[in-house]
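Just below is one structure, and these are the notes that go with it.
Computed from the coordinates by the stated procedures, all read-outs in this text should not be read as laboratory data. The model shown is predicted, which means the values in this text are computed figures rather than measured ones. Glycine also receives a Cβ, built like all others from the backbone with ideal geometry; neighbour counts cover every protein chain displayed.
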Amino acid sequence: MTTAPFPNRPRVDAREKVTGRLKYAADVALEGLLYGMMVTSTIARGRVGKVETDAALAVPGVVRVLTAADCPAPPPPGPGGPPPPPMIVDRISYRGEPVALVVAESHEAAVEGMEAVRVRYEAAAFSPLIDSEGGVREPVEDVKAGDADAALAGAVTRLSGEYFSPNQHHNPIEMLSTTAVWADGRLQVYEGTQGSNMVKGAIAGNLRLDPAKVVVSSPSVGGGFGQKGFAQRQTSLAALAAVLIGRPVKIVVPRAQIFHNATYRPRSRHRIELGADAAGKLVAIRYDADHQQSRRGQFAPEYHESSTQMYGVENYLGTAANIRIDTQAPGYMRAPHPHPQAFALESAVDELALKLGVDPVEFRLRHDATTDPIHNKPLSSRHLNACIREGARRFGWRDRPLAPASMGLEDGVQVGWGMASGAYPVLTHPAEATLRVSADGTTRFSATAHEMGQGIRSTLEQVLIRALDIDPRKLEIRIGDTSVAAQHVTAGSWGTASGATAAGEAAAALKARMAELLEGRAVSGNLHQQLAAVRRPFVEVEISRVGPGQGPRDLATLRAGGMAISGPVYPEFTSFSYIAHFVEVRVEPRTRRIRVPRVVSVADCGRVVSPRTAESQVRGGVVWGVSAALREETEVDPRYGGWLNNDLADYVVAVNADIGDIEVGMIDQPDPVINAIGAKGLGEVAMVGVAGAVANAVFHATGVRVRKMPIRIEDLL
Ligand code: MOS
């Protein structure tokens with residue numbers, strides 16, 4: 001396979017997307033469709049007593065009301081990944097948990113029915129916040145290298161700080177939804193998900209169905225960001241209702257219910273101590289992190305994966321803990337741990353550099369690394385210094401005064417320049433693919449992958465049309481569908497490294513098959529024309545592949561619908577993607593309003609397979625980083641539990657007017673060992689460090705160090 005740079009081509013679904021023609025899961029129209037609405041708990045903990053359904057059943061159009069009594073008991077655990085979310089329960093563990101499902105002939109009737117259901121509760125005491133009484137602190141294993149305490153004790157310059165990241169909710173434009181059709185003993189499910197096999201496994205488990213009888217289709221997802229990685233609270237409910245009633249059922253979850261039932265980014269605290277020697281070299285990091293957790297949640301506080309890789313520090317001690325309270329389970333949300341971790345560490349490093357009197361760019365350039373100090377393995381590739389140099393050049397960093405509060409405009413606006421860097425693990429999973437090229441001019445590629453808007457279809461197309469002389473206009477890419485290939489969860493920025501590599505191997509296998517077929521005959525034309533010439537209707541190959549260090553067991557896990565991830569620590573090496581961000585902020589003199597007129601970000605994601613969608617991914621990450629730094633926080637109502645600002649009016653996100661110029665650069669150097677294409681991963685690293693760069697710029701503008709997100713006007717008054 002060639003390792004030359006890929007051309008910048010338009011995304012394959014661009015026209016469909018901008019004209020609104022692209023169909024999402026809830027757009028499916030079906031004969032005899034019923035609509036479901038969940039009734040949700042108004043207590044945060046306790047038991048459900050009587051559920052009064054008479055008034056709801058009297059609403060014209062309401063067909064049935066399901067309660068816990070209709071739901072089978074939870075299944076035994078499946079093959080990897082979290083257990084499927086339960087359906088309706090009679091023990092409440094967070095406010096907003098479903099206690100009934102109203103199914104009706106129309107959406108309006110379902111809403112009216114939902115409002116008419118009366119639920120009696122036996123409420124119990126609950127712990128709504130991480131510092132509430134009744135919260136349980138649960139430490140996990142330390143991450144250690146060298147002797148951080150001794151190195152800190154011997155350090156010449158020390159710095160410590162405590163940093164806070166709030167609860168946040170991802171709000172993809174496409175709402176959560178499930179549509180289920182039960183016919184002839186077979187269940188067809190439409191759900192916008194990053195993990196169609198997870199959805200399939202959850203439904204089969206919860207409903208005690210043979211998984212072979214369940215098909216889940218998720219061809220296009222309107223934003224995932226980790227929220228749609230696993231089955232949702234409504235998933236099995238829609239399936240159960242369809243089976244019990246014998247008609248198709250659709251549940252579209254309203255935004256407020258999504259806030260309460262989907263996973264979210266948990267509040268986290270980061271206490272960091274840094275030590276530098278007489279030469280200003282960082283010699284030790286002590287890092288204690290903890291985060292909000294539900295009573296049984298499994299989203300681990302893994303805050304040390306990227307932080308150990310930034311500065312080649314040999315003495316590292318990282319502790320971490322869950323704080324278990326009465327909330328719904330937190331989970332993966334874009335750059336799950338590295339985003340808050342980088343806000344903390346990159347702020348601390350900025351503070352340390354200033355204390356040492358060293359420019360923060362210079363400080364970072366002096367701390368390049370070639371090995372993973374925790375596992376003593378070589379890094380597969382690292383071009384972070386190239387990212388920093390290129391970013392600094394494009395941004396014009398050279399002209400920056402070191403002292404804070406020293407750049408201003410005539411009208412009193414304070415100007416600050418800040419930078420930060422980030423790393424994100426490179427992960428791989430097994431994949432299967434079937435590639436068929438036909439004499440009629442069509443090509444069909446079916447594979448393990450999900451399109452969440454990140455551009456995986458465009459990425460797969462790039463690989464296929466470079467390797468094969470086929471008609472790109474008649475190339476169909478079938479992904480996200482459990483009937484065409486086993487569908488591993490697509491998240492964690494592992495889609496390209498896994499899917500594009502599978503496309504490359506399928507193309508190579510197809511070429512070999514063609515050569516066999518032609519037996520040395522020279523036939524002219526593209527592959528379709530060649531097939532026609534030798535009177536073959538089509539040629540088809542099937543491949544499966546695993547990541548470095550993986551084997552048949554991982555393929556079996558993929559086929560059973562489980563999680564089969566390898567990395568970032570592989571048998572022979574450790575692999576990370578990197579990025580550097582440069583941010584300008586302007587702080588208005590009286591209102592103290594913070595504006596971000598420009599950002600320059602340069603990424604090392606190995607070989608860029610789809611330049612167009614890659615650049616778009618980085619822009620998206622920067623937008624979210626700015627939004628996280630200055631806007632987003634979900635607030636708990638300590639009186640009742642649950643989330644106060646549970647809609648897009650009160651959960652404030654950055655809008656167009658908040659975003660200035662974003663300039664994106666790519667190093668585009670193929671990684672020599674991760675896979676044949678040399679592609680690492682990009683989606684999440686794009687966001688890592690942005691918030692730290694904003695905080696550092698705010699400090700540089702004003703001299704005020706804000707150690708929590710979001711940074712608000714009142715923090716600068
Ligand atoms: Mo990733 S947490 O699936 O954006």
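Helix screen, the chain: DSSP H segments with Cα axial length of 27 Å or more and mean Kyte-Doolittle hydropathy at least 0.0 are 611-630.
Approximating the spin labels as points 7 Å out from Cα along Cα→Cβ, the residue 644-to-residue 521 distance works out to 7.7 nm.
Do the alpha carbons of any pairs in 377/680; 228/250; 228/680; 200/377 sit beyond 27 Å of each other, and which pairs?
Details: 377/680 17 Å; 228/250 17 Å; 228/680 22 Å; 200/377 38 Å.
The answer is 200/377.
For a paramagnetic label modelled on residue 106 (point 7 Å from Cα along Cα→Cβ), amide N atoms under 18 Å away belong, within the range 233-273, to 250-252. Ranked by the mean number of other Cβ atoms within 10 Å per residue, highest first, peptides 82-91, 244-253, 192-201 order as 192-201, 244-253, 82-91. In this structure, residue 471 and residue 277 have a Cβ-Cβ separation that, at R0 = 60 Å, corresponds to a calculated FRET efficiency of about 0.45.
Where does each of 451-463, 668-680, 688-700, 584-596 land if you order them by average Cβ count within 10 Å, highest first?
Details: 451-463: 26.0, 668-680: 21.9, 688-700: 30.5, 584-596: 18.5.
Highest-to-lowest ranking by the protection proxy: 688-700, 451-463, 668-680, 584-596.
If R0 is 35 Å, the Cβ-Cβ spacing of residue 673 and residue 591 corresponds to a FRET efficiency of close to 0.10. Here's the picture: a label point sits 7 Å out from the Cα of residue 376 along the beta-carbon direction, and within the range 556-594 the residues with their amide nitrogen under 16 Å of it are 570-574. Overall dimensions of the range 428-559, expressed as equivalent-ellipsoid semi-axes from the Cα gyration tensor (√(5λ), whole Å, largest first), are 27, 16, 12.
Given the -39500 (n - 2.57) contribution per DSSP H run of 4+ residues, what per-residue ellipticity at 222 nm results for the chain, rounded to the nearest 500 deg cm²/dmol?
Numbers: 16 runs with 170 residues, N = 717.
That calculation yields -7000 deg cm²/dmol at 222 nm.
Determine the gain in length on full extension of the stretch residue 140-residue 399; use 0.36 nm per residue of separation and subtract their C-alpha separation, reporting nm with one decimal. Before the final figure, lay out the partial values.
Numbers: separation 259, 0.36 × 259 = 93.24 nm, distance 4.48 nm.
Using 0.36 nm per residue and subtracting the Cα-Cα distance, I get 88.8 nm.
Checking the a/c ratio against 1.5 first, then a/b against b/c, what shape does the Cα gyration tensor give for the range 10-140? Verdict is oblate for the range 10-140. Normalised Debye scattering of the chain at q = 0.05, 0.08, 0.10 Å⁻¹ gives log10 I(q)/I(0) of -0.25, -0.65, -1.00, counting only Cα atoms as equal scatterers and leaving out solvent. Modelled spin labels at residue 149 and residue 91, positioned 7 Å past Cα toward Cβ, are 3.9 nm from each other.
Here the calculated FRET efficiency for residue 157 and residue 713, from their Cβ-Cβ distance with R0 = 41 Å, stands at 0.80, rounded to the nearest 0.05.
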